[in-house]
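A short write-up of the structure that comes next.
No lab work stands behind these numbers, since they all come straight from the coordinates. Everything numeric in this text was worked out from a predicted model, so none of it was measured. Cβ placement follows ideal geometry from the backbone for every residue including glycine, while neighbour counts extend to all protein chains displayed.
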């Protein structure tokens with residue numbers, strides 16, 4: 001099982017952000033996590049990525065216990081993450097951003113000699129990821145000069161370049177226009193072939209289009225989990241989304 | 001690979017190197033010694049820039065690495081004899097590196113301002129250690145009566161005593177250090193370091209071990225400061241706790257600023273400018289510190305006012321063209 | 001050691017801690033609210049001491065020295081903030097470090113021009129210039145007690161202003177979220193100016209107050225600078241309560257360190273800082289990165 005989380009708890013002082021959350025993501029599937037604001041989705045992703053440590057519970061990557069591993073170690077073990085708020089290297093070009101990603105998961109990421117920028121293998125992987133993400137024409141542009149949608153594409157390109165088995169996508173469609181969103185949705189759909197993808201998203205149309213399985217969270221707990229068509233009809237889920245019943249019609 | 005025309009920066013470097021090599025032909029001993037001093041502080045500044053400009057770590061304890069190496073030489077210099085260059089130099093550099101490792105392990109657990117304050121505190125701690133404990137003369141300092149030499153089988157093969165010899169050794173070392181730092185900047189490690197500097201969170205989530213990367217850069221930078229400190233002590237013939245003061249770090253930071261944070265060799269220019277400025281000011285004015293202070297303030301205000309501080313001598317590492325994908329032809 | 005000697009050392013530690021708190025609180029306020037790292041803080045402490053010496057020498061009145069010195073420092077702070085410091089808010093800390101360095105060079109020479117580089121002693125005000133007899137052969141300086149009392153009063157006023165007044169509320173808001181308050185733009189330029197000037201004035205006040213019991217000498221700023229930084233790091237940047245806690249820890253460590261471990265007493269404080277940082281990288285009461 002590429003990613004399995006069991007009984008995750010996270011407490012901040014007196015506040016419980018995540019309580020007894022368990023889920024798993026299979027190879028070749030997109031498992032979406034949805035829920036109203038404050039449901040604990042961001043905390044969950046941060047726990048899975050290693051930026052927050054659990055109060056209790058276990059996280060396993062391919063049957064390795066990674067609960068106490070820091071983010072970089074998890075990344076090297078095949079976990080990739082795209083951020084909700086675009087997090088790039090603003091003063092480097094698109095190519096350099098992705099090349100760095102490829103370098104991090106490459107064979108000698110911290111070698112102190114030789115030219116990094118002329119490494120053909122890394123450049124090859126980087127360009128492949130850039131093309132996959134649809135940014136090939138913008139290869140030489142500065143990351144800070146990209147449009148919002150292009151920056152999301154760059155995020156995904158960087159994640160791809162690390163050749164992860166498990167991918168955590170944190171609201172990839174946030175703030176996107178319709179046509180841009182369509183491209184990203186198609187991209188995400190194409191990614192799942194040999195990966196396990198956990199998708200946190202608010203855009204319901206995208207979720208129901210992409211998800212193979214769906215988990216709904218509220219107040220830090222899982223209130224429903226299973227096939228999207230089954231989950232959407234559960235009363236607890238409809239109650240959670242009171243105020244937005246159209247989302248489930 | 002097609003021929004790439006040399007950039008202005010590279011051309012200037014070649015000119016500078018030629019001037020440096022021919023300097024002894026037309027300069028007096030005084031200026032030779034001044035040039036050596038510039039090279040020494042230049043190595044310190046270049047080393048510091050690895051941590052500050054490349055690594056984003058503003059360190060105020062590099063004076064400690066600089067001074068400790070000098071003290072190691074002083075302690076290893078017996079009485080009125082010369083110390084053996086080939087053993088004391090590595091010893092001093094390793095000593096500084098070890099100290100940088102120790103301090104780095106603590107200081108790098110903190111970020112931003114805390115890091116600056118912690119390095120300041122540790123630097124001063126070492127200052128007081130040498131000041132109060134009486135090691136090598138305590139607050140009075142200690143003399144190094146003879147410059148290091150290379151002694152093999154009872155015969156002196158080389159001595160740093162002559163200003164000319166000293167100068168050429170320093171010049172060679174400076175070139176080697178500049179070359180090493182350039183290589184480092186172009187390497188995967190150098191790029192990883194820049195990534196950690198620009199967006200730590202992203203770098204970490206890509207899989208870069210940020211503590212290890214920063215610590216490595218910090219230790220190398222400390223070792224280079226030690227290299228400079230060894231020769232500073234050798235040239236000056238005297239060590240005192242003041243060598244470990246944070247003012248030494250701050251002065252080096254000014255040099256880095258003048259030369260450009262993103263440039264490997266820029267700090268050498270900064271060293272030349274600041275050291276030269278100090279010489280001139282000290283000769284002309286009694287209150288030279290006041291003027292130097294005003295100049296530093298002016299420099300900071302002007303630079304903070306919006307001038308990009310990429311020094312004009314950026315290394316070709318930063319502007320290197322990427323090799324064409326197919327390998328054939330020139331993009 | 002006897003109970004009485006222990007008591008005296010405790011009083012010394014407390015008095016030392018109080019002055020440290022006075023100086024460090026200025027530093028932590030400037031840092032916490034303005035985000036500005038002021039390495040010239042020690043130079044203002046030194047300046048305060050020299051001002052005290054000079055004013056007492058000219059007028060014979062220590063009270064005048066206290067008031068005059070503090071006012072001069074405050075005005076100097078306002079001028080510096082307006083002309084130099086405010087350009088560096090939100091900028092790379094490297095620039096702030098270098099600005100402070102330049103300022104130190106200027107202040108040092110200015111002091112030399114104005115007051116020379118001699119070492120001086122300042123007599124405490126006559127009405128405090130006595131001792132209290134504790135036992136047959138142990139007495140304690142009244143002036144030292146007065147310092148502690150004075151600093152406690154200043155601390156109390158500071159806590160009251162921060163906790164209970166509108167200005168204090170703005171100060172706290174600024175410390176919590178500098179970006180937001182700047183975006184709201186509620187007359188923060190002037191507030192920043194006064195906070196900076198107050199920070200400088202506190203440092204100078206520390207120097208004035210300490211002058212009668214310590215020698216006034218050119219290098220006195222450096223030592224105090226480092227110690228106040230240690231106190232701020234220990235207590236957590238931006239936290240005045242943390243500065244109090246940190247000052248007490250440093251005061252006790254240093255005073256009793258000199259008694260029990262005289263050979264390594266000067267580095268004990270740094271070891272303390274290292275130990276605290278291992279446990280709490282943001283200081284005891286700190287809130288993490290600002």
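Couple of notes before you dig in:
- Its DSSP H runs of at least 4 residues, each contributing -39,500 (n - 2.57), put the calculated 222 nm mean residue ellipticity of chain C at -25000 deg cm²/dmol, to the nearest 500.
- Cα gyration tensor shape of segment B:8-319, rounded if a/c is under 1.5, else prolate or oblate by comparing a/b with b/c: rounded
- Between B:270, B:226, B:237, the residue with the greatest mean-square fluctuation in the GNM of chain B (Cα pairs under 10 Å linked by springs) is B:237.
- Most fluctuating residue given options A:157, A:224, A:32, as computed from a GNM of chain A linking Cα atoms under 10 Å: A:224
- Helix B:246-259 and the long axis of chain B differ in direction by around 40°, with both axes built from C-alpha atoms.
- The protein assembly as shown: C-alpha gyration tensor shape, a/c 1.5 cut-off, then a/b vs b/c: oblate
- Square roots of five times the Cα gyration tensor eigenvalues for segment C:12-218, Å: 32, 21, 13
- Residue-averaged beta-carbon neighbours from other chains (10 angstrom radius) around A:152-160: 1
- Global form of segment B:1-141, assessed from the alpha-carbon gyration tensor, a/c cut-off 1.5: oblate
- Between the alpha-carbon centres of segment C:76-104 and segment B:194-262 there is a gap of 23 Å.
- Beta bridge orientation in the protein assembly as shown: antiparallel %, DSSP, nearest 5: 60 percent
- Across peptide A:112-122, the average count of Cβ atoms from other chains found within 10 Å of a residue's Cβ is 6.
- Computed from Cα positions, the angle between helix B:29-49 and the longest principal axis of chain B comes to roughly 50 degrees.
- Taken residue by residue and averaged, Cβ atoms of other chains lying within 10 Å of the Cβ of C:87-93 number 3.
- Between residue C:3 and residue B:94, the C-beta separation translates, for a Förster distance of 60 Å, into a calculated FRET efficiency of about 0.75.
- Ranked list, fewest to most other Cβ atoms within 10 Å of each Cβ, for C:120, A:148: A:148, C:120
- The residue A:204 and residue A:137 beta-carbon pair, evaluated with R₀ = 30 Å, returns a calculated FRET efficiency of approximately 0.40.
- Degrees, to the nearest 10: C:220-235 long Cα axis against longest axis of chain C: 70 degrees
- Exposure proxy order (Cβ contacts within 10 Å, fewest to most) of C:70, B:174, B:87: B:87, C:70, B:174
- Under a Gaussian network description of chain B, with springs only between Cα atoms under 10 Å, the residue in B:142, B:271, B:11 that fluctuates furthest is B:11.
- Cα centroid separation, segment A:21-96 to segment A:105-127: 25 Å.
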